[in-house]
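Only one structure is covered here, and it is reproduced in the block below.
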Amino acid sequence: MARIKRIDHVAIAVRDADRSTAQYVALLGAEHVRTEVLREKAGMVKVAYLRIGENVLSLVQSLEPGGFIEKHIERHGEGLHHMDLEVDDLAGFVRDLEGKGYRIPLRDEFSNRSEVVLSPRDASGVVLQVLQWKDGGDATPEERIERILRLQNQR
């Protein structure tokens, strides 16, 4: 199986990304890196990226009525939406999982990464997003922040 390199980020579903950013900055001393509006396959979202120590937290707000984040909040309230894992070989990871009978419900391709989403039924209720950076990823937290600052969510 492909090697999981690290948790790339944890995403929190929120009703208001700006308000939640202020809360995390005040509560944890998080560093606000950037807020961006992105078009995902599942709809438009506003994402605030925060650095907490060596980790990245993203606060995701739905910008479309009935969007996937809005639906998640209606069912579960604000809170954990997904954990994103970086792998060294996404195609190999997918091949291994499918060979074991797991289904990959969502695949997406961007200019800087490829990713898949695994069903929460297979991971104790947690949505796992698995990605491979096309440039090979980042070695340090500073490089991860620089990547976020250069982010262009283009297909």
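The values are calculated or read from the model by the stated rules, or taken from the named source; none is laboratory data. Not measured: the values here are computed from a predicted model. We place every Cβ from the backbone using ideal geometry, glycine too, and count neighbours over all the protein chains shown.
Things worth noting here:
- Residues (closer than 30 Å to GLU143 by Cα, over 18 Å from the mean Cα position of the chain (by Cα) and among the small types (Gly, Ala, Ser)) located in the range 47-100: ALA91, GLY92
- Flag for SER124 being touching a Phe, Trp or Tyr at 6+ places or on another chain (Cβ under 9 Å) and without any contact (Cβ under 8 Å) to a residue 60 or more places away in the chain: no
- Hey, ALA91 over 22 Å from SER20 (Cα atoms) and either buried (at least 16 other Cβ atoms within 10 Å of the Cβ) or of a type outside the set (Val, Ile, Thr) (or both) or not: yes
- Candidates GLY92, GLY66: the one that is modelled with pLDDT under 95, over 20 Å from GLU31 (Cα atoms) and small (Gly, Ala, Ser) is GLY66.
- Any hit, the range 120-127, residues being in contact with a His (Cβ under 6 Å, 6 or more places away or on another chain) and either part of a loop (DSSP other than H, G, I, E, B) or modelled with pLDDT under 95 (or both): yes
- Residue count for the range 31-44, restricted to those that are assigned to a strand (DSSP E or B) and either among the charged types (D, E, K, R) or more than 24 Å from PRO141 (Cβ to Cβ) (or both): 8
- The residues of the range 52-71 that are more than 20 Å from ASP8 (Cβ to Cβ) and either touching a Leu at 6+ places or on another chain (Cβ under 6 Å) or surrounded by 15 or more Cβ atoms within 10 Å (Cβ to Cβ) (or both), listed by number, are SER62, LEU63, GLY67, GLU70.
- Verdict on ARG39 being touching a helix residue (DSSP H, G or I) at 6+ places or on another chain (Cβ under 8 Å) and basic (Lys, Arg): no
- Those residues of the range 1-11 which are surrounded by 14 or more Cβ atoms within 10 Å (Cβ to Cβ) and in contact with a helix residue (DSSP H, G or I) (Cβ under 7 Å, 6 or more places away or on another chain), in sequence order: ALA2
- When the range 26-51 is filtered for residues that are without any contact (Cβ under 8 Å) to a residue 60 or more places away in the chain and either of a type in the set (S, T, N, Q) or surrounded by fewer than 14 Cβ atoms within 10 Å (Cβ to Cβ) (or both), the ones remaining, listed by number, are ALA26, LEU27, LEU28, GLY29, GLU31, THR35, VAL37.
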